[in-house]
1. Regarding the protein assembly as shown, what are the three Cα extents along the principal axes, ordered largest first, in Å?
2. Sort A:42-50, A:168-176, A:148-156 by the packing proxy (mean of other Cβ within 10 Å over each peptide's residues), most packed first.
3. With the contact rule set at Cα under 8 Å and sequence spacing of 6 or more, what percent relative contact order holds for chain A?
4. Going by how many other beta carbons lie within 10 Å of each one, how would you line up A:130, A:35, A:40, fewest first?
5. Can you sort A:196, A:81, A:8 so the residue with the fewest Cβ neighbours within 10 Å comes first?
6. What FRET efficiency do you get for residue A:145 and residue B:68 if R0 is 30 Å and r is their Cβ-Cβ distance, rounded to the nearest 0.05?
7. How shielded is A:179-189 by partner chains, expressed as the average number of their Cβ atoms within 10 Å of its Cβ atoms?
8. Return, for the Cα atoms of region B:3-76, the radius of gyration and Dmax in Å, separated by a comma.
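Rule-based calculations on the coordinates, nothing more; no lab input. Everything quoted here is computed from the prediction, not taken from an experiment. All Cβ positions, even for glycine, are placed from backbone atoms using ideal geometry, and neighbour counts span all protein chains on display.
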Ligand SMILES: [Zn+2]
């Protein structure tokens, strides 16, 4: 990896964006360095596999680079790149969907009941009882069991820590719809993980 | 408050979204209902497991290919 100048490494996001728009490619590279981990995790969470996650990562940053002249500096670069990446990830899923993929949304979207079958307590500290790779596999399987519309909300709210309002704006959903999907996503994931982590 | 209603409110409770009265009713239910308490506790743990930043870390080769692709793109534009 090439070394970036110290002044760039210490710059604020806003300054980097201005520099990048003015044609300073090192500044854009630093923006990529700052957010590539998050965007890869976004891809893994929404698409559910490494190949697609890598495509999402590359396509999102290449498109951002191309469309940088259109980027309005009164909004955050981070929000912009997340929006681009979410779109890329959902497009990937739609392409795969024709076959035997999960539907984008649940039929029970806004007023269905969530059925809870697992009521057992969990063994303490599941994260310490499994090797990292095994734990990742279990958690990935959990995410894959959710419809994509739910994964996306869960990822933005609980993994990335965006607020309900930010998530709603990004996905063009109502605040109520975000809350309803988050509730279902959390309970369904919990149900999946309980099969593995429950006591006894 | 019955168990169905309690389970519906757990997500909002975790986000601090419930008004005081509902929060107290739910907390009372969670105190004596083992089932709902287990659901509450494992939902909290589920969120904790996923928000741990160590998951799905960026593989070194993926990072390298991204930066190579970016360099090519930048050269096209230069
Ligand atoms: Zn109960």
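1. 66, 41, 38
2. A:148-156, A:42-50, A:168-176
3. It rounds to 21 percent for chain A.
4. Least crowded to most crowded, the residues run A:130, A:35, A:40.
5. A:196, A:8, A:81
6. Once rounded, the FRET efficiency stands at 0.30.
7. The per-residue average across the peptide is 4.
8. Both quantities, over Cα of region B:3-76: 21.7, 66 Å.
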